[in-house]
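Input: a single structure, listed below in structure tokens.
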Amino acid sequence: MKKQLMVLSAVLGVATLGWADSPREASTERLQKAGAVLHEVMEAPDKGIPDEVLDHAKCIAVVPHMVKGGFVFGAEGGRGVATCRTAHGWSAPAFFAITGGSWGLQIGVEGVDLVMIIQSDKGMQHLLSSKFQIGGDASAAAGPVGRHASADTDWKLNTEILTYSRAKGVFAGLTLNGASIRPDEDSMHAIYGPSATTQSVLSGGVPAPASAAPFLSAVRGAKAQSQTAKQ
């Protein structure tokens, strides 16, 4: 148990090293990195998120460099950004933190990029809430990979959230049951001020700051990149 706790502390310590700057600087950097992750994922020919999944998405969330690791006892930790569709286009991004644990034979520490596609109104409401657990409050499954989703899968009808990971250049569906998602209040206040909430931002009630441009541009361009990569 002592060894497990030491590993967990090390994992969470690594997860926070990248955010040693001021909350505003760290939040701006996270927006840039999240945009780069989504752009690079969709540039990969025949290895990205299917067009049908993007068309059906209610919200898109990205965690650049989520840390996974452990020895027997595993841990995940990271911070990300999310945007949701509104009547006027994609919303300003909201900031969140993701933490969780899983049992299994895991050795070492690994950084992965995480992409979550929220596929239903119910899943969107979970994201707007103060906190929810993947696999508990909201159903989730590893998302299909490729330029088109197979017609014989149930990704659209039975799953609220589709999850993907990219590690060492490999992009694939990811099972993330048990992870907990909550608002990142420090980043929200640093970018929007103390009165902004996740719900007001993702519902389109708060204008997007200039620092959100790289991320929102990547979200808007994801479908166009997908079609270009097929040519």
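Can residue 111 be described as at pLDDT 65 or above and within 20 Å of residue 218 (Cβ to Cβ)?
On the way: at pLDDT 65 or above: yes; within 20 Å of residue 218 (Cβ to Cβ): yes.
Judged against the criteria, residue 111 is a match.
Just to be sure before I move on: is residue 185 at pLDDT 70 or above, surrounded by 15 or more Cβ atoms within 10 Å (Cβ to Cβ) and in contact with a Lys or Arg (Cβ under 6 Å, 6 or more places away or on another chain) in the structure I sent? Can you show your working first?
Values: at pLDDT 70 or above: yes; surrounded by 15 or more Cβ atoms within 10 Å (Cβ to Cβ): yes; in contact with a Lys or Arg (Cβ under 6 Å, 6 or more places away or on another chain): no.
For residue 185, the condition - at pLDDT 70 or above, surrounded by 15 or more Cβ atoms within 10 Å (Cβ to Cβ) and in contact with a Lys or Arg (Cβ under 6 Å, 6 or more places away or on another chain) - is not met.
When residue 11 is tested against (1) touching a strand residue (DSSP E or B) at 6+ places or on another chain (Cβ under 7 Å); (2) modelled with pLDDT of 50 or more, only condition (2) is not met. Looking at residue 144, is it out of contact with any Leu (no Cβ under 7 Å at 6 or more places or on another chain) and modelled with pLDDT of 85 or more? Considered against the rule, which asks whether it is out of contact with any Leu (no Cβ under 7 Å at 6 or more places or on another chain) and modelled with pLDDT of 85 or more, residue 144 comes out as no.
The values are calculated or read from the model by the stated rules, or taken from the named source; none is laboratory data. Please read these numbers as outputs of a predicted model, since none were measured by experiment. Note: ideal-geometry Cβ built from the backbone for every residue, glycine included; neighbour counts use all protein chains shown.
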